[in-house]
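For reference, the structure is listed below as structure tokens.
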Amino acid sequence: MIKGLQEELEAAGSILIEDIALRIREIGFSCRMCGSCCKRSGGDNRVFLTSADKEMLKSCSVCPEDAAIPMLPDGMDMYSSSSVREHLHEFEIDSKGRLNTFGWMLKRKGCGDCFFVGDEADHEAKAGGVGESNRCSIYANRSMLCRTYPFYIDNGELNTSECEGLGDDISHEDSVVLARDLIDRYITEINDTIHLYENFEGIQNSSDSLDIFNNNLANGDLVFVIHDSNGSSVFSLNLYK
């Protein structure tokens with residue numbers, strides 16, 4: 001697995017910015033400030049965070065300490081015991097009754113929208129223009145995924161996700177900036193994955209793992225173990241419902 005990733009990383013180093021930029025111009029794109037990619041109503045809006053993203057969030061003065069949360073299944077509310085149980089089959093439970101997951105994602109509101117995107121209440125209060133309610137409060141510190149959406153590179157090939165802005169004109173300058181960010185994201189993601197495999201120590205479970213988990217949950221306690229490029233870390237919280 002690691003060898004394959006190392007080969008992919010080596011190949012990524014030969015991707016030319018102008019080649020990706022040309023392809024972006026052929027496809028076309030402009031952000032219409034619709035906010036669909038930031039809101040749960042637009043579908044799966046989870047934002048996976050790279051190691052670089054997590055460092056960026058730390059330097060963001062308006063970000064709460066829990067701006068990054070454990071990577072969760074789509075639609076799961078980690079503060080709801082019923083939601084946790086609904087998605088329990090998507091986790092591996094270790095011998096201490098902790099849910100193991102891989103990587104981090106950006107915090108979301110109770111409604112499922114990104115924690116940092118505005119809403120209609122903000123829009124009405126500020127009486128802003130078109131798209132004002134969809135503005136990102138950490139735009140300068142936004143993640144690599146957000147910077148490059150709806151594009152991504154997979155196995156060296158440029159791909160797109162759903163977006164209303166696809167097909168719109170994009171300038172040469174903007175396409176080059178986007179291409180550079182895309183390649184940087186691609187290389188970072190490969191490096192992070194390599195380091196994750198190198199640092200992963202496995203998950204120890206036991207016959208009573210589920211019983212321990214259920215006991216913790218009954219007391220309102222939920223603990224995650226997050227495996228990432230730096231090894232593993234623990235994230236604990238108290239459920240409110």
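The values are calculated or read from the model by the stated rules, or taken from the named source; none is laboratory data. All values reported here derive from a predicted model rather than from experimental measurement. Every residue, glycine among them, receives a Cβ derived from its backbone with ideal geometry; neighbour counts consider all protein chains shown. Please note that ligands, DNA and RNA were not included when accessible areas were found on the heavy atoms of the full protein model with its side chains. Shrake-Rupley method; radii C 1.70, N 1.55, O 1.52, S 1.80 Å.
Which three numbers, in whole Å and largest first, are the semi-axes of the equivalent ellipsoid of the range 136-220 derived from its Cα gyration tensor as √(5λ)?
39, 18, 12
Averaging sequence separations of C-alpha pairs under 8 Å and six or more residues apart, then dividing by the length of the chain, give the relative contact order as a whole percent.
32
Give the residue from Gly110, Asn100, Ile194 lying farthest towards the positive end of the charge dipole for the chain; charges sit on Cβ (+1 for Lys and Arg, -1 for Asp and Glu) and the dipole is referred to the Cα centre.
Gly110
Can you spot the aspartates and glutamates whose alpha carbon is less than 14 Å from Lys96's alpha carbon? Ignore those fewer than 8 places along the same chain.
Cross-link targets: Asp208, Asp211, Asp221.
Based on the alpha-carbon set only, what is the convex hull volume of the range 1-150 divided per residue, in Å³?
Considering the Cα atoms of the range 1-150, their hull volume per residue is 171 Å³.
Any of Lys54/Lys107; Lys3/Lys58; Lys54/Lys109 with alpha carbons more than 23 Å apart? Name them for me.
From Lys54/Lys107; Lys3/Lys58; Lys54/Lys109, over 23 Å: Lys3/Lys58.
With θ taken as phi - 60° and the coefficients 6.51, -1.76 and 1.60, list the Karplus ³J(HN,Hα) couplings across the range 40-46 in order, rounded to whole Hz; mark glycine and proline as x.
4, 5, x, x, 5, 10, 5
Could you derive backbone 3J(HN,Hα) for the range 8-21 from the dihedral phi with the Karplus parameters 6.51, -1.76 and 1.60 (θ = phi - 60°), listing whole Hz in sequence and x where the residue is Gly or Pro?
The phi angles translate into 5, 5, 4, 5, 4, x, 9, 6, 8, 4, 5, 5, 5, 4 Hz.
Please give the net charge around Glu164, taking every other residue with its beta carbon less than 15 angstrom from that of Glu164, where Lys and Arg add +1 and Asp and Glu add -1.
Residues near Glu164 contribute -1 overall.
Residue farthest toward the positive end of the dipole of the chain, with Cβ of Lys/Arg at +1 and Asp/Glu at -1: which of Met1, Thr148, Met56?
Projecting each Cα onto the dipole axis, the largest value belongs to Met56.
For the range 1-118, give the magnitude of the charge dipole about the Cα centre (Cβ charges: +1 Lys/Arg, -1 Asp/Glu; no others), in debye to the nearest 20.
480
Leaving out ligands and nucleic acids, and using a 1.4 Å probe, what accessible area per residue does the chain come to in Å²?
For the chain, the per-residue accessible area is 55 Å².
Give me the percent of the accessible area of the chain that comes from carbon and sulfur atoms, probe 1.4 Å, all protein chains in place.
Ligands and nucleic acids excluded, carbon and sulfur give 48 percent.
Within the chain, what's the longest run with no GluC sites (Glu not before Pro) in a DSSP loop and at most 15 other beta-carbon atoms within 10 Å? Give the range, please.
66-161
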